[in-house]
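Before any comments, here is the structure.
The values are calculated or read from the model by the stated rules, or taken from the named source; none is laboratory data. Keep in mind the model is a prediction, meaning the values are calculated, not measured. Glycine also receives a Cβ, built like all others from the backbone with ideal geometry; neighbour counts cover every protein chain displayed. Protein only, heavy atoms only, side chains kept; ligands, DNA and RNA dropped before computing areas. Shrake-Rupley method; radii C 1.70, N 1.55, O 1.52, S 1.80 Å.
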Amino acid sequence: MVDLESEVPPLPPRYRFRDLLLGDQGWQNDDRVQVEFYMNENTFKERLKLFFIKNQRSSLRIRLFNFSLKLLSCLLYIIRVLLENPSQGNEWSHIFWVNRSLPLWGLQVSVALISLFETILLGYLSYKGNIWEQILRIPFILEIINAVPFIISIFWPSLRNLFVPVFLNCWLAKHALENMINDLHRAIQRTQSAMFNQVLILISTLLCLIFTCICGIQHLERIGKKLNLFDSLYFCIVTFSTVGFGDVTPETWSSKLFVVAMICVALVVLPIQFEQLAYLWMERQKSGGNYSRHRAQTEKHVVLCVSSLKIDLLMDFLNEFYAHPRLQDYYVVILCPTEMDVQVRRVLQIPMWSQRVIYLQGSALKDQDLLRAKMDDAEACFILSSRCEVDRTSSDHQTILRAWAVKDFAPNCPLYVQILKPENKFHIKFADHVVCEEEFKYAMLALNCICPATSTLITLLVHTSRGQEGQQSPEQWQKMYGRCSGNEVYHIVLEESTFFAEYEGKSFTYASFHAHKKFGVCLIGVRREDNKNILLNPGPRYIMNSTDICFYINITKEENSAFKNQDQRRKSNVSRSFYHGPSRLPVHSIIASMGTVAIDLQDTSCRSASGPTLSLPTEGSKEVRRPSIAPVLEVADTSSIQTCDLLSDQSEDETTPDEEISSNLEYAKGYPPYSPYIGSSPTFCHLLHEKVPFCCLRLDKSCQHNYYEDAKAYGFKNKLIIVAAETAGNGLYNFIVPLRAYYRPKKELNPIVLLLDNPPDMHFLDAICWFPMVYYMVGSIDNLDDLLRCGVTFAANMVVVDKESTMSAEEDYMADAKTIVNVQTLFRLFSSLSIITELTHPANMRFMQFRAKDCYSLALSKLEKKERERGSNLAFMFRLPFAAGRVFSISMLDTLLYQSFVKDYMISITRLLLGLDTTPGSGFLCSMKITADDLWIRTYARLYQKLCSSTGDVPIGIYRTESQKLTTSESQISISVEEWEDTKDSREQGHHRGNHRNSTSSDQSDHPLLRRKSMQWARRLSRKGPKHSGKTAEKITQQRLNLYRRSERQELAELVKNRMKHLGLSTVGYDEMNDHQSTLSYILINPSPDTRIELNDVVYLIRPDPLAYLPNSEPSRRNSICNVTGQDSREETQL
């Protein structure tokens, strides 16, 4: 074996001396490159197009200026007519020549020049390859007629008095007004403006007709009666109203011909306008018409097939689909068998959508309707299931038939299918992309229990955003959280990449670390050119190839980025920082904390059975030098990689001398012998040697094998994970598998209790009886006794799944009502319990852990409304339960299917992250917690290096928990009440003083007295303060509120304790007053390298597959479970 260390040349002395001087700052100044995003929008034409067309607000200003310019030209025409002296005679020269003063001529020439220049510029920006289409437009022809003669008169002075029909600019003003209204709707996102728009068009059309007739008759009668403008107005009103007094009539044949023409135009135009106005509030034609074959062949379109179209589903699809720049020219054809909903009709009448979205009422099972939608010419077909139905299986059956019909009619059309039940997935394996709702839902709920806020992490990754949310907020955590939410997953071929091209022939971890250090991008996976499988963090043994496809997390893709090296950046702005993290290390701090120049090489010995550790140096080494971080090797040293047999029979958690584990609790590692449905991905798991009898799976019923009747009696060492669901569907199997995956440490496996409303069937029990510590109990979260029996008082997490029976609510948003109220009850009874909830509608997340008088929650509500007004698709992200990962809606993952149209790898990456698929050599998502011993690392970049150099882990984000700043009144009232209670307890029960600081006595007779004394104390406190002080009054109100809250929580605690005593359960361990409501948590995806790590931060890691280090790992993974025994690899990484 070649010694790789001997092949690496030593660093020159000057680099060593520079490292001595700069310390940790050396890596920052060597090759850091500034990345500028969205460079495709920085060309001159694109900037002009952005200002004049794309940007709603600037385009609105341009339209307003153009409208004002046209009105000014019409006003100048009226002034010219009023200032002109009527000439005597009937010569035709009076028709072609007028008297125009020099200042008036100068103003009209200026207006003409500006108008013509703007018209030519807009024509150039909107040019799409057909110049005649631009020239033959009526607005362009009118601009030429009204502007060119004035410009010619500059060079030919004799033409300065030539008559120009400037009054025709009123029609251009009408056209500018329509465009201005469209831009106004786009800017303010109005949804009920179609009626106003149509009325405005009708009025403007009528005014343009009257003004044109007035000016035309007045001018043509210059050789006749010499009518003034008022007489012409009188004549037009009398004529158009069909009164016809006859006192004013045209004399010349030209004016009579003009009147006839205007009447014909009015008879054609006005009825059309009135008809559109009359039918605006009526139903659109039920058939919806046909999608033009010519348009289908010249323009690109996609088809959306749904059984019923709701406004939320439509807006989620449109906002996510059109968020990508290259999809702006696509049309969306909606094929739905039901009539259009009122709200959907209002939205589709908005100018922003009316030109791009076409609604067809029809069925995907009919070839005629598919032909109307031009399915054979479509770029893609999205088939969505109706989740708001009680019978979800029936909904899946309809989806399957639609997919079959589309595949039969248009076999070459890519299919994007959403399915609800996992057992129905194998019917649509032919589809290009499939998202199974229950698979993703239960996998995310499971990972939320061991990797906090995984649901929030995945949701932010699959939503399109530029990271502009929260940037106007005064809260620092909202700015950081909103900025990092703009990170998405992108791909690029290595040899074509500026980010990764220089790492060809290097290890994956080396490329990932140095790309993050240099460019701020997080390389998470690769795919070989000849292999369709994506590998997440294949580890340090993987060598990058030039044809590899790299998958990375960044604000934008590399193609839209520009690069500026350190020297150029220093010249442009010396004081400017490349990364805008929450905190930076000052230079003096770096120099002061500089350790020894020597670099610790990686340990070449075999790692211990307990797994890789990132530990501090020993006490002896601390006296000599401060901690340093080993470099990430370009090519992995085979001696430093873990080569121990991870599947050996020796395990630290099994060989502890003081803990004897009986043979019936010994676990094996293998593939589950039975799967509840076809199409489930096989996963290497912890299994039992023998399956558990079905009677032993029942938690609350004793049998001949055990006599336990509640969770407390089992004596579990780890806290429970309780899942409250209506039925034991096959999707619930995907909740158990990630929690029993082979890479989860055995001694950290949490018991799983399924609290089901309905008893499970035998097929489901046959699938779960092979997994260790999995139980079920028939009960409901509505019943406090069922909750106590299943062990809610010592549970780590309570997962509440939305019930299917509530989907049939009369009001859509009321489908979550029962779940929300039940979770609120749990939240009030067990305030220290971590509750993870799944809802149907994302809008209902604001009711989770609802507090009506919480000022901070009200402030977040206002922030959400502002973000929604700014057009954000992630306005709900600042809600504290969502940011902390305590609630999510599966409908938020609909964007995963929509994004797959542009990023066909997103579903595969998401399944790998959630553990739904296991590819040999691909890593898995886990987390580690930052302890006090890890703070010496200081920054995220150093943490990145430490992980890559020691364990090969790739961090992708941070889950941070901070304390909310309490108001003065809240802190004072808490201290006062606790001190008062301590005094009371010491007076009554001195030996219980320390134990009852946050709890109360079980005697119910104390509570009315406590409440009465508390209220008396609050009233006395209110009389002490001056009445004129507003701050004092507010403080008193907060104190009273806190006293009321405390007494209420004491009553709830007594209720729980009494029920526990009634059921024969011990009340020891029930911490009713432990309340974690004063903290907020949020996620930082791919933070900047300068971000400081803080105590209790949870770092998301993609850890390499431990089996990838084993020789002949594939045969061992395919052995039967009877022959597979394994050693555990620890999940947590200790720094």
- prompt: Quick one: in the stretch 819-854, which of the residues that are open to solvent by 40 Å² or more (accessible area, probe 1.4 Å) and at pLDDT below 75 is nearest to Asn797 (Cα to Cα)?
  reply: Gln849
query: List, please: which pairs have Cβ atoms under 8 Å, are six or more places apart or on different chains, and start with a residue in the stretch 130-148 that is open to solvent by 40 Å² or more (accessible area, probe 1.4 Å) and end with one that is at pLDDT 85 or above and not in a helix (DSSP H, G or I)?
result: Ile145/Val164; Ile145/Pro165
message: Can you tell me which of (1) under 30 Å from the mean Cα position of the chain (by Cα); (2) surrounded by 21 or more Cβ atoms within 10 Å (Cβ to Cβ) is the one Ala767 doesn't meet?
response: (1)
- prompt: Ser857: polar (S, T, N, Q) and in contact with a Pro (Cβ under 7 Å, 6 or more places away or on another chain), yes or no?
  reply: no
- request: Please verify whether the stretch 73-90 includes one or more residues that are at pLDDT 85 or above, more than 22 Å from Leu209 (Cα to Cα) and either under 48 Å from the mean Cα position of the chain (by Cα) or outside any helix (DSSP H, G or I) (or both).
  value: no
- prompt: Among Glu496, Glu475, Glu469, Glu439, which is the only one that is out of contact with any strand residue (DSSP E or B) (no Cβ under 7 Å at 6 or more places or on another chain), more than 24 Å from Arg1092 (Cα to Cα) and open to solvent by 10 Å² or more (accessible area, probe 1.4 Å)?
  reply: Glu496
- prompt: For the stretch 728-808, list the helices (runs of 4 or more DSSP H) that sit wholly inside it and hold at least 3 residues that are closer than 27 Å to Leu913 by Cα; which are they?
  reply: 733-739, 762-768
message: Restricting to the stretch 860-911, give me the number of residues that are open to solvent by 10 Å² or more (accessible area, probe 1.4 Å) and of a type in the set (Gly, Ala, Ser).
response: 5
message: Residue pairs, Cβ under 6 Å, 6 or more apart or interchain, first in the stretch 697-714 and in contact (Cβ under 8 Å) with a residue 24 or more places away in the chain, second in a helix (DSSP H, G or I) and open to solvent by 60 Å² or more (accessible area, probe 1.4 Å). List them.
response: Asp700/Arg789; Asp710/Arg789
Unique residue being outside any helix (DSSP H, G or I), at pLDDT below 90 and out of contact with any Cys (no Cβ under 6 Å at 6 or more places or on another chain) when the list is Val417, Val390: Val390
task: Would you check which residues across the stretch 221-264 are under 24 Å from Trp97 (Cβ atoms), open to solvent by 40 Å² or more (accessible area, probe 1.4 Å) and among the charged types (D, E, K, R) and list them?
output: Lys225, Lys226, Asp231, Glu251, Lys256
query: Where residues in the stretch 447-456 are buried (at least 24 other Cβ atoms within 10 Å of the Cβ) and of a type in the set (A, V, I, L, M), which of them is farthest from Ile1102 (Cα to Cα)?
result: Ala453
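Return the residues of the stretch 955-973 that are at pLDDT below 80, within 30 Å of Val1099 (Cβ to Cβ) and not charged (D, E, K, R); say none if nothing qualifies.
Result: Gln964, Leu966.
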- prompt: Out of all the residues in the stretch 351-369, which are small (Gly, Ala, Ser) and open to solvent by less than 20 Å² (accessible area, probe 1.4 Å)?
  reply: Gly362, Ala364
field: Residues being open to solvent by less than 70 Å² (accessible area, probe 1.4 Å) and over 29 Å from Gly915 (Cα atoms) - total across the stretch 671-713
entry: 7
- line: Those residues of the stretch 778-814 that are out of contact with any Leu (no Cβ under 9 Å at 6 or more places or on another chain), at pLDDT 85 or above and crowded, with 17+ Cβ neighbours inside 10 Å come to a total of 0
statement: Within the stretch 815-837, the count of residues that are farther than 22 Å from Arg387 by Cα, in a helix (DSSP H, G or I) and not hydroxyl-bearing (Ser, Thr, Tyr) comes to 5
query: For the stretch 370-382, which residues satisfy the criterion of being buried (at least 22 other Cβ atoms within 10 Å of the Cβ) and in contact with a Leu (Cβ under 7 Å, 6 or more places away or on another chain)?
result: Ala373, Cys381, Phe382
field: Filtered residue count, the stretch 852-889, keeping only those that are assigned to a loop (DSSP other than H, G, I, E, B), out of contact with any helix residue (DSSP H, G or I) (no Cβ under 6 Å at 6 or more places or on another chain) and not polar (S, T, N, Q)
entry: 8
message: So Gln398 ticks every box in (1) open to solvent by 30 Å² or more (accessible area, probe 1.4 Å); (2) within 20 Å of Arg387 (Cα to Cα); (3) not in a helix (DSSP H, G or I) but one. Which box is left unticked?
response: (3)
message: Looking at the stretch 501-522, I want the residues that are without any contact (Cβ under 8 Å) to a residue 60 or more places away in the chain and among the charged types (D, E, K, R) and have a partner that is assigned to a helix (DSSP H, G or I) and open to solvent by less than 10 Å² (accessible area, probe 1.4 Å) with Cβ atoms under 8 Å, at least 6 apart or on another chain. Which pairs are those?
response: Glu504/Leu494
- request: Could you please find all residues in the stretch 460-481 being in a helix (DSSP H, G or I) and more than 28 Å from Ile907 (Cα to Cα)?
  value: Gln476, Trp477, Gln478, Lys479
statement: Ile524 passes all but one of the listed conditions (1) within 19 Å of Ile907 (Cα to Cα); (2) assigned to a helix (DSSP H, G or I); (3) open to solvent by less than 10 Å² (accessible area, probe 1.4 Å); the exception is number (2)
Criterion violated by Phe65 - all others in (1) within 24 Å of Val164 (Cβ to Cβ); (2) more than 39 Å from the chain's Cα centre (by Cα); (3) open to solvent by 60 Å² or more (accessible area, probe 1.4 Å) satisfied: (2)
query: In the stretch 1100-1109, how many are open to solvent by less than 10 Å² (accessible area, probe 1.4 Å) and in contact with a Lys or Arg (Cβ under 8 Å, 6 or more places away or on another chain)?
result: 1
- prompt: Which of the residues belonging to the stretch 537-553 are open to solvent by 10 Å² or more (accessible area, probe 1.4 Å) and in a strand (DSSP E or B)?
  reply: Ile543, Ile549
field: Output for the stretch 901-924, where each listed residue is among the polar types (S, T, N, Q) and either part of a helix (DSSP H, G or I) or modelled with pLDDT of 90 or more (or both)
entry: Ser908, Thr910, Ser922
field: Members of the stretch 325-350 found to be open to solvent by less than 20 Å² (accessible area, probe 1.4 Å) and more than 22 Å from Met375 (Cβ to Cβ), listed by number
entry: Val347, Ile350
